[in-house]
1. Kindly provide the set of residues from the range 28-49 that are open to solvent by 60 Å² or more (accessible area, probe 1.4 Å) and more than 15 Å from Val66 (Cα to Cα), ordered by number.
2. Can you find even one residue in the range 544-553 that is surrounded by fewer than 19 Cβ atoms within 10 Å (Cβ to Cβ), out of contact with any Cys (no Cβ under 6 Å at 6 or more places or on another chain), among the β-branched types (Val, Ile, Thr) and assigned to a loop (DSSP other than H, G, I, E, B)?
3. Can we say Asp524 is open to solvent by 20 Å² or more (accessible area, probe 1.4 Å), under 25 Å from Cys602 (Cβ atoms) and either out of contact with any helix residue (DSSP H, G or I) (no Cβ under 6 Å at 6 or more places or on another chain) or in contact (Cβ under 8 Å) with a residue 12 or more places away in the chain (or both)?
4. Report the residue count in the range 406-418 for those that are open to solvent by 70 Å² or more (accessible area, probe 1.4 Å) and part of a helix (DSSP H, G or I).
5. Only one of Ala403, Ala359, Ala431 is part of a helix (DSSP H, G or I) and surrounded by fewer than 21 Cβ atoms within 10 Å (Cβ to Cβ); which?
6. All but one of (1) in contact with a helix residue (DSSP H, G or I) (Cβ under 7 Å, 6 or more places away or on another chain); (2) assigned to a helix (DSSP H, G or I) hold for Leu382, so report the exception by its number.
7. Just checking: which of the helices (runs of 4 or more DSSP H) contained wholly in the range 450-522 hold 1 or more residues that are among the polar types (S, T, N, Q)?
8. I'm told Leu219 meets every condition in (1) open to solvent by 40 Å² or more (accessible area, probe 1.4 Å); (2) under 30 Å from Asp155 (Cα atoms) except one. Can you identify the failing condition by its number?
Amino acid sequence: SAVYDPLLKLYAQFNGERASDLLEEMQQQGVVASEGFFGSLLARCSESKNLAFAEQVADYLRGRSVMSLALYKTLMKVYASCEQYDRACDLYMELQRVGIQPDQVMYGCLVKFAVKSGRKDLSHELLERSSGIGASAVQSYMHMIRAAGRDGDVDRAFGLLQKLKLEQPALLDTPVYNMVLDACMTNGDKNRGAKLLCEMRSQGVANGVTYNTMIKGLLAQGDCVAARRCLDSMKSEGFKPDSASFNPFLSAAVSANRFPEVWSLISEMDVDGVKLDQYSLSILMNVARKASNPRDADRALAMLDREYVHVCEDEVLFNTAVDALVRRRDLRRLERVMSEFKTSNLKPSVQSCGLIIRALGALKDLEGCWQLWNNMVQQRGLTPDEVTLSCMLDALVSAGSVASAVDLFQEWKGHVAPNVVMYSTLLKGFASNGEPQKAMATYEEMQAAGLPMNLVSYSTLIDSQARAGNLDLAVKLLKKMEESGCKPNCITISALVRGYCMKGDLGNALGLFRDLHSRGLTPDIVLMNMLLDGCVQHNRFKLADQLMAEIPQYGLESTSATISIMVKLWGKRRRLDMAFEAVRGHLKRTPMSRLDAKVGACLISACLFNRDPQRAMEALEEIKAQPRWEGPDASTYAALVTGLASHGCAREAVKLVEEAQRLSSGQRPTIKPLPVDAVEQVRGALVRAGLENELSSRLPPKGTGGGSCRSPASRSSGGGSSGGHCTRA
């Protein structure tokens, strides 16, 4: 026995097949073990959910007629851990046959399992036979009441309450009453619920949960006025509301798009000292996803900035927050959340892995994508689903690793059925990589596999040929698309317009734009931006002026991309005042709009291109002072410090490097670290100015800067050269 004991206990938990062989060997050797030993074996089976070995042990013990109440109870736990509630209940029948009487604890568990397996008659029989008084008896009643509520049988719930009042009044407590109240409210019986609440108040057994249950039920029935009265009564009765009191109000307001009411509730929670919990925050993330007003979306996402909020402590909150941040392109907060995720203990499901890969892809964190992928498929042994594989392919393609995406697709297409989304992603990669032949080969592979082309795949294929200058083939594909019954949209036409703009053929590009109405399409701002950018690239300033005038005529609203192009346009025309006016005028005309950080980088580049570094620094201050202007980000700082360095403004460049370092450090950095080459350009400016000994110690150590990306020096339209008015070193 001393030899078999430790081995059987180990194998029972980790290797059921080996444990089975060892038990048979022990029997053949005639080794007899104690009841306690077999009890510990069954307990380990419960932990490892090793049902087969547990039943083998039980059969062995039955054969020796040594199954005791304690062993039956442990076997029952094995069945419960494996969610075999019906078989757990069958043990009660066996106990009756062998003449063993369950104790109160076992009765309580059996009632619970009978309820879970839907054996109502058995649950009532067990409740009748259970005569003990104590916590387990109370739990039995509560399981029965909960089941009645779930079945929609409010009368049965009240019958159980009445039975408890008559037969065991000492067991009556607040949780029992609350369970009956929940049965009323979840089944829409608010009148009986209100009467029960009055009874509970008169007997002094109402508590915060009581009021929360009432509030939730009233709001579920659409009675907001009564729910509000209930919350006010809760406060006047001296019960402090918690997040569960407010969450139903928040949910109802968000569902009805009553966002001002949401902010009023948040203010009330703050006044009452109630912190947002994971449910509150998940509800607010729906505001960020649904809101048409960017202010509402930003206000909802700002709730993630509260000191006590730790998104990674709850997977549902983490998923809803990441999804909202990706949809809103809030990369600053997204980067912070993903940084917290990497140091958390969260073990995401396959579905969550897809979302996380999307987020890491949006942040251009390809290394993080691979780490998560390898952890999922190698360490955890999970098989990706179609969505997760599609997300990984998209992350690789977006990061320019098209060859890796193709390799991954080939590796997994035998395990995960390829779909149009995956092929479209590869087409996008070939388009951005300038590989039109591979795009056409992928198109032929799709046809051979019988996968129908859709709007996205056709548009991406056309884009791959247009980018490569194969405009005749692109036009033929457009014709084939229309002949197949797949109607092109503005994105499809934009691909052709981009191709013509890249070749400088603005005549054909404009012709496609003017021909939209004949295709039943209305121009969108993306297409307009494409044409405008082509005009800027090829110095067609008069045509650009004409198109800018047409934007309001088409009922289009300028976006951050539009304003960035306008800034480039005025920068190339050396009219800085108009570049600044394009930004300020847009913010004034559209009070609900926001500008992204790229607009700021373009404005600073325009200043440097026009040899005015002093104006560039003023632009930086204007960006920081405008709450509706995102940034400045690392790209903005990099553009400015490299521009200042090239203009001989070494001292100012050093100050900005220090400022960027402060923003990129700490527990919650707001920007990415500056690229290495940006810092090195400033270091070079110090050497040229003879200030290396005085100021170089204020820069990061040589060869560091926090990133490997190239800095966006003033090479863009509006990029600079020498000259300026800043304080020279």
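The values are calculated or read from the model by the stated rules, or taken from the named source; none is laboratory data. Predicted model, so just to flag it, every value in this text is computed and none were measured. Cβ coordinates were reconstructed from backbone atoms using ideal geometry, including for glycine residues, and neighbour counts include every protein chain displayed. For accessibility, only protein heavy atoms count, side chains too; no ligands or nucleic acids. Shrake-Rupley method; radii C 1.70, N 1.55, O 1.52, S 1.80 Å.
1. Once the filter is applied, which keeps residues that are open to solvent by 60 Å² or more (accessible area, probe 1.4 Å) and more than 15 Å from Val66 (Cα to Cα), the range 28-49 yields Gln28, Gln29, Arg44, Glu47, Lys49.
2. no
3. yes
4. 3
5. Details: Ala359 fails: surrounded by fewer than 21 Cβ atoms within 10 Å (Cβ to Cβ); Ala431 fails: surrounded by fewer than 21 Cβ atoms within 10 Å (Cβ to Cβ).
Step by step, each of Ala403, Ala359, Ala431 is checked, and only Ala403 is part of a helix (DSSP H, G or I) and surrounded by fewer than 21 Cβ atoms within 10 Å (Cβ to Cβ).
6. Unmet condition: (2).
7. Fully inside the range 450-522 and qualifying: 455-467, 490-503, 506-514.
8. (1)
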